[in-house]
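Handing you a structure now.
The values are calculated or read from the model by the stated rules, or taken from the named source; none is laboratory data. As the structure is a computational prediction, the values presented were derived from the model and not from experiment. Please note: Cβ atoms are built from the backbone with ideal geometry, for glycine as well, and neighbour counts cover all protein chains shown.
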Amino acid sequence: MKRAFLVVAMIVCAAGPVAAQWLGMPVWNSPKGGTGITINGDWGRPDSSFGKGNAFGGRASLGLGTLTLTAGVASYKPENATSSITSYGGNAAMRVIGGSLIPVSINLQVGAARSDSSSPTRPATTSVIGAVGLAISLPTPGLSIEPYVSPGFRYRHASGTGKTNFGYTIGANVSFGMFGIHAAYDYEHVSGGHIGVLGLGANVAIKVPLGM
């Protein structure tokens, strides 16, 4: 357990130069966690407040029981833009409540990503997130359904200035054997309004005995 907290602390400390969550995507989460390797393919659709367009990305997660480490990349092209913006980064999620015999799970999540610059009006951005996730595992035969809500803060730094906003994600993870799908809606309060992002994706999981 001490080693798990140390890994989370290292990611938080590194967030400044590395930075935050993937542009054009929701802040994905899975409070119950798990073990093994999971490969995710993601699609995101921001609303008109952020520029619409589409984002496509991929993530690889390593579940170590109570700790899940994720690294990924995404490419976002706003509507009518001539080029895409690439984001790369990762996060760590620590489950603090829950397990195989408890249907309610709570985790703590920190993440960082770096988005490159596409134009003078969209400079390179460093983003950092911190969130708490709450999920309930539904007793559905043949399926694992995990609806969740994950509120937290989002800090973004660009062109020498930084700003912290509040946001939350409402989503669900559904798995059937090795395969699964996930969906989420992300809301972030910003000055003068809000930003919304819809996300969908699919994943394949390789369960191996990597518990801590």
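Being modelled with pLDDT under 95 and part of a loop (DSSP other than H, G, I, E, B) is the filter; apply it to the stretch 26-46 and report the residue that is nearest to S75 (Cα to Cα).
G33
Also, I was wondering about something else. Pairs only if they're at least six apart or on different chains, beta carbon under 6 angstrom, first in the stretch 83-104 and within 13 Å of G33 (Cβ to Cβ) and without any contact (Cβ under 8 Å) to a residue 12 or more places away in the chain, second part of a strand (DSSP E or B) and not basic (K, R); list them, first residue then second.
I97/I106
Could I ask something else about it? Would you be able to tell me the number of residues in the stretch 65-93 that are surrounded by fewer than 18 Cβ atoms within 10 Å (Cβ to Cβ) and among the aliphatic types (A, V, I, L, M)?
4
Here is a follow-up. State all residues of the stretch 150-167 that are buried (at least 17 other Cβ atoms within 10 Å of the Cβ) and under 30 Å from I102 (Cα atoms); if no residue qualifies, say none.
Matches in the stretch 150-167: S150, G152, R154, G167.
If V190 satisfies every condition in (1) among the hydrophobic types (A, V, I, L, M, F, W, C); (2) over 14 Å from the mean Cα position of the chain (by Cα); (3) at pLDDT 95 or above but one, which is the exception?
Condition (3) is where V190 drops out.
Tell me whether the stretch 137-144 contains one or more residues that are without any contact (Cβ under 8 Å) to a residue 24 or more places away in the chain, in a loop (DSSP other than H, G, I, E, B), of a type in the set (S, T, N, Q) and more than 18 Å from T35 (Cα to Cα).
Yes, the conditions are met somewhere in the stretch 137-144.
Starting from residues that are more than 11 Å from the chain's Cα centre (by Cα) and crowded, with 18+ Cβ neighbours inside 10 Å, keep the ones in the stretch 110-120 and report whichever is modelled with the lowest pLDDT.
So, considering only residues that are more than 11 Å from the chain's Cα centre (by Cα) and crowded, with 18+ Cβ neighbours inside 10 Å, the one modelled with the lowest pLDDT is S118.
Go through the stretch 145-160 and report how many residues are outside any loop (DSSP other than H, G, I, E, B) and either in contact (Cβ under 8 Å) with a residue 60 or more places away in the chain or on the phi > 0 side of the Ramachandran plot (or both).
Counting residues in the stretch 145-160 that are outside any loop (DSSP other than H, G, I, E, B) and either in contact (Cβ under 8 Å) with a residue 60 or more places away in the chain or on the phi > 0 side of the Ramachandran plot (or both) gives 8.
Return yes when I102 is exposed (fewer than 13 other Cβ atoms within 10 Å of the Cβ) and farther than 29 Å from K77 by Cβ and no when it is not.
Judged against the criteria, I102 is a match.
Suppose the filter is in contact (Cβ under 8 Å) with a residue 60 or more places away in the chain, crowded, with 18+ Cβ neighbours inside 10 Å, under 12 Å from the mean Cα position of the chain (by Cα) and farther than 11 Å from L23 by Cβ; does N107 pass it?
Taking the combined requirement at face value, the residue does not satisfy it.
Return the total of residues in the stretch 121-146 being under 30 Å from K77 (Cβ atoms) and more than 21 Å from the chain's Cα centre (by Cα).
3
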